[in-house]
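Asks: Sharing a structure, written as structure tokens. Questions coming.
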Amino acid sequence: MKIYLADKSGFCFGVKRAVNEALKTKEQFNKRIYTLGPLIHNNDVVDYLKGKDIYPIELEDIGSLGSGDVIIIRSHGIPLKTRNLLEEKGILIVDATCPFVSNIQHIVKKYYDMGYKIAIVGDRTHPEVIGINGWCEDSAIVTKDGSELEGITGKLCVVAQTTEKQANWEKVFGVIVKSCKEFYGYNTICKATSERQLSAKELSRNVDMMVVIGGKNSSNTTKLFEICSENCKNTIHVENSKEIPDDILNKNIESIGVTAGASTPDWIIKEAVLKMSEEKNVEFNEQQAYMDMHDRQVAVGQVIKGEVFKVNEDNAFLSIGYKGEGILPKEEVTKDDSENLADLVKVGDVIDVKVIKRKNEDGFVVLSKLELQREAAFDEIKAAKDDEATINVLIKDASNAGLVGSYKGVRVFIPASHVELHHTANLDQYKGKELEVKVIEFSDANNRTRIVASRRDLLKAEKSKVEESTWEKLEKGATVEGEVKRLADFGAFVEIDGVDGLLHVSEISWGRVNKPGDVLKVGDKINVYILDVDKENKKLSLSMKKLIENPWNNIDQKYLVGNTVMGTVVRFANFGAFVELEPGVDGLVHISQISEKRIAKPGDALTIGESVKAKIIEVDKENKKIGLSIREVDEV
């Protein structure tokens, strides 16, 4: 005889959560703990809890409790007025309501407050339905088949008991759409419930006998029994192994299927399977192996899957199978405080997480998504290094040594000399920017990972590409715009579309320029004339004065002999003084033409920068010479 255990059998996470919460509460308060009604629909578990001094109490007996007593709300939830009553009496409430049920309660209250009628697909007398109905002042229409909703009009909100049959939900929905034009339907049947029912349905079609294990007063177990009976006439419902017929092995049965309700713990299931096993050493099928595997303790560093069942501002809560529940703090999902956790993780999501703490003070396994992302990021960075590929890093900090970037949470350092092709004094300007880099070092020696990246090769390649294009376009004799990049005593370097050209000091102006800094500054945008293009040797000669007319071109028309002119003394020689008449045009006042008095040197009568009047006594256009006399003006 072969025994098959249906998938998703036994404790759902909501029920297991309630049991764990009860045991944790007992440990915390170290006194008798009460549950409002049986914590779950399983007498064996209820008896087990009594042995731990955790006793059920009915609502009508609440009067026997006083301020400071502790009561646990079971996974079915309670009406709002019952919660208010407990709070008024000063009773300490530990809420173990299944998160899925809490969600239904909030939906009902929201739409009831908005003026909607409420309909619940489920059992009128089930504690969960009674609790949900209490959030709309017990005004809900409770139905199994939709007959109570025939011809309903107006605004309607429809929800379902978490353990209801999918077929009943579809039946009710079909009735509503015929007459109600404005309604919201929330199929709140628990995913685990529907999966459990579907698995039981499939298994019952392929075995000779079905055994449904669970409390006789358990709604979801009863539904499993009904589903299995439709496909397998030889179906029995038992609460535990004691109720399984002792002669089951003597019957002519080749295969037995086993399923269990949400309130049935795995040890009861195993006892039942063991009793039906001929050798008392049953070879577990996949579901049994799954249960055993998940009974083991989790280990730090282990990667597991979990289903999100609740999200608040700071944490997401995950069901992690038979292991229990895990908590995923916001800081283990994102480092951006401005992000909303509910936008990143949603109820129903099944995600991979890493265990970073086996149990916190509240009994939750602490989980992380960022740790998995970091591990994946390390792999991606190493692959980028091996493949000489690029990655994009977000710059977080800067210092004299360089930049600190982040790649999916992994620290990447960029030395200052690798940020640009030239020295950059202000590295703070890169904070908050995303830079494309190449990984030049990846080492994890001595348990310390060091990742160094560079932009130099990328910038060189980019510059080379731009330069190549620019050299193709540059033409001798053309006028172009450039930017002054640096200054030297002999000239200025001007960048033209990525190519540096030399503007010699003698080509800056027709006038005398002592040093480029007297006329230009770094960052200036100027127009220049291309004197020469040496593409082979990558040399570019530029001129500014070529764009200005040579002042000597019509010198004999501007400065006529005999006229008096104003100028500025700009330099001395032993034989006289040079006076600037305009930029690029200097006249010579011979020492004999400076003064009537005899002087030894020009500085005896003149000073540099002094404005003087002089008479034009000679103009030699060909040799670019003008003779001046101060003495003749003084004589007049």
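The values are calculated or read from the model by the stated rules, or taken from the named source; none is laboratory data. As the structure is a computational prediction, the values presented were derived from the model and not from experiment. Heads up, the Cβs are rebuilt from the backbone with ideal geometry, glycines too, and the neighbour counts pull from every protein chain shown. Each accessible area value is taken on the protein alone, full model and side chains, heavy atoms only, with ligands, DNA and RNA left out. Shrake-Rupley method; radii C 1.70, N 1.55, O 1.52, S 1.80 Å.
Asks: Would you pick out the residues in the range 21-77 that are open to solvent by 60 Å² or more (accessible area, probe 1.4 Å), more than 24 Å from residue 365 (Cβ to Cβ) and acidic (Asp, Glu)?
Replies: Hits for the range 21-77 are 47, 58, 60, 61.
Asks: Another one. Could you please give the count of residues in the range 475-517 that are more than 22 Å from residue 580 (Cα to Cα) and not in a strand (DSSP E or B)?
Replies: The initial filter retains those residues of the range 475-517 that are more than 22 Å from residue 580 (Cα to Cα), namely 475-503.
With not in a strand (DSSP E or B) added as a condition, the list becomes 475-478, 489-490, 497-498.
Final tally of qualifying residues: 8.
Asks: Name the single residue, out of those in the range 244-273 being part of a helix (DSSP H, G or I) and open to solvent by less than 10 Å² (accessible area, probe 1.4 Å), that is modelled with the lowest pLDDT. Break it down into steps so the answer makes sense when it comes.
Replies: Step one: list which residues in the range 244-273 are part of a helix (DSSP H, G or I), which gives 248-250, 266-273.
Still in the running and open to solvent by less than 10 Å² (accessible area, probe 1.4 Å): 248, 268-269, 272-273.
Details: 248: 78, 268: 84, 269: 86, 272: 86, 273: 85.
This residue is 248.
Asks: A further question follows. Looking for whichever is surrounded by 17 or more Cβ atoms within 10 Å (Cβ to Cβ), of a type in the set (Val, Ile, Thr) and outside any helix (DSSP H, G or I) here; the options are 211, 172. Which one fits?
Replies: Numbers: 172 fails: outside any helix (DSSP H, G or I).
Checking each option against the conditions leaves just 211.
Asks: Separate question: So in the range 303-345, with the set limited to residues that are under 18 Å from residue 190 (Cβ atoms) and of a type in the set (Asp, Glu), which one is most open to solvent (accessible area, probe 1.4 Å)?
Replies: Ranking the candidates gives 307 first.
Asks: Looking only at strands (runs of 3 or more DSSP E) that lie completely in the range 558-636, which have at least 3 residues being under 23 Å from residue 545 (Cβ atoms) and open to solvent by 30 Å² or more (accessible area, probe 1.4 Å)?
Replies: Qualifying strands (runs of 3 or more DSSP E): 564-573, 576-582.
Asks: Taking the range 433-455 only, how many residues are modelled with pLDDT of 90 or more and open to solvent by less than 60 Å² (accessible area, probe 1.4 Å)?
Replies: 10
Asks: Taking the conditions exactly as written (open to solvent by less than 40 Å² (accessible area, probe 1.4 Å), closer than 20 Å to residue 195 by Cβ and of a type in the set (A, V, I, L, M)), does residue 5 satisfy them or not?
Replies: Working: open to solvent by less than 40 Å² (accessible area, probe 1.4 Å): yes; closer than 20 Å to residue 195 by Cβ: yes; of a type in the set (A, V, I, L, M): yes.
Yes; evaluated as a whole, the condition is true for this residue.
Asks: Quick one: how many residues across the range 326-366 are under 19 Å from the mean Cα position of the chain (by Cα) and not acidic (Asp, Glu)?
Replies: Of all residues in the range 326-366, those under 19 Å from the mean Cα position of the chain (by Cα) come to 327-347, 349-354.
Right, trim to not acidic (Asp, Glu) and you get 327-330, 333-335, 338, 340-342, 344-347, 350-351, 353-354.
Going through the range 326-366 one residue at a time, the tally reaches 19.
Asks: Are there any pairs with C-beta distances below 8 angstrom linking a residue in the range 448-477 that is within 30 Å of residue 378 (Cα to Cα) to a residue that is of a type in the set (S, T, N, Q), with the two at least 6 apart or on different chains, and if so which?
Replies: Within 8 Å, the pairs are 449/443; 450/443; 456/417; 458/390.
Asks: Same structure, new question: Can you tell which of 420, 467 is open to solvent by less than 60 Å² (accessible area, probe 1.4 Å), closer than 20 Å to residue 497 by Cβ and assigned to a loop (DSSP other than H, G, I, E, B)? Walk me through how you get there before you give the answer.
Replies: Values: 467 fails: assigned to a loop (DSSP other than H, G, I, E, B).
So the residue among 420, 467 that is open to solvent by less than 60 Å² (accessible area, probe 1.4 Å), closer than 20 Å to residue 497 by Cβ and assigned to a loop (DSSP other than H, G, I, E, B) is 420.
Asks: State the number of residues belonging to the range 228-243 that are farther than 15 Å from residue 44 by Cα, open to solvent by less than 20 Å² (accessible area, probe 1.4 Å) and aliphatic (A, V, I, L, M).
Replies: Number of matching residues: 0.
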